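Throughout, read-outs are computed from the coordinates displayed, never taken from laboratory work. Bear in mind the structure is a predicted one, so any value in this text is a computation, not a measurement. Cβ coordinates were reconstructed from backbone atoms using ideal geometry, including for glycine residues, and neighbour counts include every protein chain displayed.
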Amino acid sequence: MEENTEKKEHIEMVYDAEQIQVLEGLEAVRKRPGMYIGSTGTRGLHHLVYEIVDNSIDEALAGYCNNITVTLKNDGSVSVDDDGRGIPTGIQATTGLPAATVVFTMLHAGGKFDGEGYHFSGGLHGVGAAVVNALSEWLVVEIHINGREYIQRFSRGDVVEELHEVGPTNRTGTIVTWKADAEIFEETEYDYSTLENRMREQAFLNAGLQISLIDQRTDEVTVEKMHYEGGIRSFIEHIHARRSLGTIHDEIIYFNSSGDDKEVEVAMQYNDSYNELLLTFANNIHTSDGGTHEQGFKNGITRAFNDYGRKYSLLKEADKNLAGDDVREGLTAIVSVKLNDAQFEGQTKARLGNTDMRALVERLVYQKIIDYFEENPSITKAIYEKALSAARAREAAKKARDQTRRKSALDSTSLPGKLADCSEKGKEGTEIYIVEGDSAGGSAKTGRDRRFQAILPLWGKMINVEKTRLDKVYTNEKLLPVVTALGTGLGDEIDLEKLRYGKIIIMADADVDGSHIRTLLLTFFFRFMRPLLTEGHIYLAQPPLYRLQKGNTIRYAYDEASRERITQELGENNLKINRYKGLGEMNPDQLWETTMNPDNRTLIKVEIDDAAAADEIFTILMGDKVPPRREFIEKNARYVQNLDI
Ligand code: TSJ
């Protein structure tokens with residue numbers, strides 16, 4: 001009895017606190033939107049859609065929703081429509097308000113109405129709808145429930161119309177439509193492919209659920225229906241098809257387990273590349289920093305390969321084990337777990353922390369892979385051969401590295417002969433220009449400010465980085481000088497503390513050859529020196545395309561639009577326009593003035609926030625199949641205008 005009373009009091013106190021938040025809560029969201037949605041840039045804008053859609057996906061997870069439609073409307077608003085049960089409209093005892101109203105006006109409300117809530121919630125903590133409401137110029141919710149349709153309107157989080165009935169209906173479900181507040185967001189235009197990728201990912205993760213994406217923003221309205229009965233198996237198929245990767249075995253390896261409060265699902269397939277692509281999810285949230293489920297997967301698969309290899313004498317030397325990297329070379333795998341009390345850790349909350357997931361996933365993966373190996377000997381032979389070949393390459397890389405190190409080519413005491421170093425030492429304020437070709441390299445060396453700018457000209461034959469393993473990098477005359485000049489080492493052993501420059505600037509022509517070298521170097525950094533990219537050290541120089549001269553006035557244009565603008569400004573009479581064909585055409589002073597002088601130049605910082613998307617880009621760009629490459633570039637012209645391969 002005592003215990004009961006105490007519990008009740010406790011609950012009431014929690015609600016008291018929440019009611020105070022009704023008064024202050026949404027104002028707080030508008031004051032510090034970044035705290036709730038991360039940013040007020042395009043990322044934050046798209047986050048609004050995810051927050052709302054996640055509610056419909058929760059309804060699907062609960063087993064009551066089969067269709068979700070996201071519509072981009074031509075007034076700049078978005079709507080999300082589901083065929084679930086409809087948000088409850090009954091009056092909540094604790095607040096005296098309809099449950100639906102509470103969802104949109106109170107932080108820490110939603111999801112759990114009757115104490116139980118959903119089985120595996122998307123981990124939204126239930127604040128999503130109220131946050132979206134607070135950050136919207138206007139928001140409308142329509143609910144179809146018990147044969148009646150209800151509506152409520154809000155503006156910037158304030159109630160404009162109370163929830164009221166508008167008439168009968170013969171469907172059930174919830175429709176939320178909102179217009180992001182331009183007073184809050186720097187950008188209010190949605191990017192179709194960003195939403196498409198996210199919706200497709202969610203359709204893969206929730207087998208059988210149909211998500212439709214409709215774009216009504218232009219005259220040509222498009223409808224895309226995403227619906228995969230194969231779930232994460234279809235995800236693997238999609239990844240390999242998009243990247244035009246050949247597979248080592250036809251059938252995708254798939255297994256799952258479900259207990260009372262935990263579900264694990266794994267799909268995997270080997271391809272003929274050297275790259276690993278492991279995507280892990282917890283409660284449908286992409287865990288880009290991995291965590292216990294990912295660790296369990298890695299442990300399980302490595303142990304399975306080694307035990308199986310031992311049993312059938314595939315591992316020749318008794319003490320030699322395959323490493324994790326060996327068994328995952330060329331592997332694409334999806335691990336999706338669902339659990340009740342997901343703990344997300346780390347700075348970006350993108351790592352699963354629940355410790356019991358490690359052993360659970362490891363045991364499942366180990367047993368199912370052993371079973372698969374025993375049942376599929378010929379496929380297993382091909383897969384195992386690939387892992388053994390990866391192990392041999394790893395051994396070769398180790399030897400090559402030790403040898404290079406013995407020649408001390410990998411430490412900075414013997415820098416590449418062609419490097420023109422700067423006089424200042426250390427990362428602070430220093431930069432290295434990586435330049436293709438001796439003539440541009442010569443101009444850059446003469447034109448630079450030698451105090452803080454180093455120049456490394458590249459020479460020698462190009463290799464396709466996508467077809468290269470680490471062992472070949474150590475003996476490559478084109479790439480090794482880059483590694484040596486940067487000082488960090490590469491692969492697993494990379495050490496950014498040893499980086500010799502703060503900025504690494506790729507300077508290449510604005511033509512086909514230039515874009516090729518740019519893509520090659522970026523791919524190289526992505527595959528072998530990724531921390532340089534993720535820590536934001538890599539930049540692209542922007543050489544001008546045109547030089548415009550009228551009398552003593554000289555201006556430079558970096559694209560067609562600015563050429564036209566400058567032409568208008570100066571007037572066409574007696575205007576001399578030169579198109580630069582390459583960096584080599586510029587004299588050292590011009591190169592300094594237009595491309596290297598920090599006061600005038602434009603640098604593009606290369607940022608990677610989605611490794612899987614970047615992997616796709618590099619695989620397609622560096623792949624040897626031309627049609628997908630052309631199609632990709634046409635589709636993504638906006639992003640890769642400089643990569644006109
Ligand atoms: F929250 C929201 F506004 F963002 C939102 C919620 C937006 C959209 C587009 C859909 C939804 C939503 C909520 N779809 N379906 C539901 N379901 C419930 O809220 C619901 C219905 C019935 C019961 C029950 O226990 O009977 C419980 C819940 C949570």
Quick check: the distance between the Cα centres of region 68-92 and region 339-394, to the nearest angstrom? 38 Å
Linear extension gain, GLU493 paired with ASP609, 0.36 nm per residue minus alpha-carbon span: 39.5 nm
Long pairs among LYS298/LYS398; LYS461/LYS581; LYS225/LYS605; LYS386/LYS503; LYS262/LYS349, criterion Cα-Cα beyond 31 Å: LYS225/LYS605; LYS386/LYS503
Could you work out the relative contact order of the chain? I mean the mean sequence separation of Cα pairs under 8 Å and 6+ apart, divided by the number of residues, in percent. 9 percent
With the Cα gyration tensor of region 477-610 giving a ≥ b ≥ c as the square roots of its eigenvalues, does the rule (a/c under 1.5 for rounded; else a/b larger than b/c for prolate; else oblate) give rounded, prolate or oblate? prolate
If you average the alpha carbon positions of region 449-499 and of region 539-561, how far apart do those two centres end up, in angstrom? 31 Å
What relative contact order, as a whole-number percentage, does region 423-506 give when Cα pairs under 8 Å and 6 or more residues apart are counted? 41 percent
For a test of the definition: using alpha carbon positions, the gyration tensor, and the 1.5 limit on a/c, classify region 237-276 as rounded, prolate or oblate. prolate
How would you rank 93-99, 379-385, 214-220, highest first, on the average number of other Cβ atoms within 10 Å across their residues? 379-385, 93-99, 214-220
Cα→Cβ-extended label distance, 7 Å offset, between THR475 and THR534, nm: 3.0 nm
With an 8 Å Cα cut-off and a minimum separation of 6 or more residues, compute the relative contact order for region 216-312 in percent. 17 percent
Quickly work out the LYS381-to-GLU263 label distance, labels modelled 7 Å from Cα along the C-beta direction, and quote it in nm with one decimal. 3.8 nm
Can you give the angle from 0 to 90° between the axis of helix 377-406 and the longest principal axis of the chain, with both taken from C-alpha atoms, to the nearest 10? 50 degrees
Evaluate the charge dipole of the chain about its Cα centre and quote only its size in Debye, nearest 20, assuming +1 on the Cβ of each Lys and Arg and -1 on the Cβ of each Asp and Glu. 3400 debye
Shape call, region 403-493: gyration tensor on alpha carbons, a/c limit 1.5: oblate
Could you work out how much longer the chain between GLU395 and ASP307 gets when fully extended? Use 0.36 nm per residue separation minus the Cα distance between them, nm to one decimal. 29.6 nm
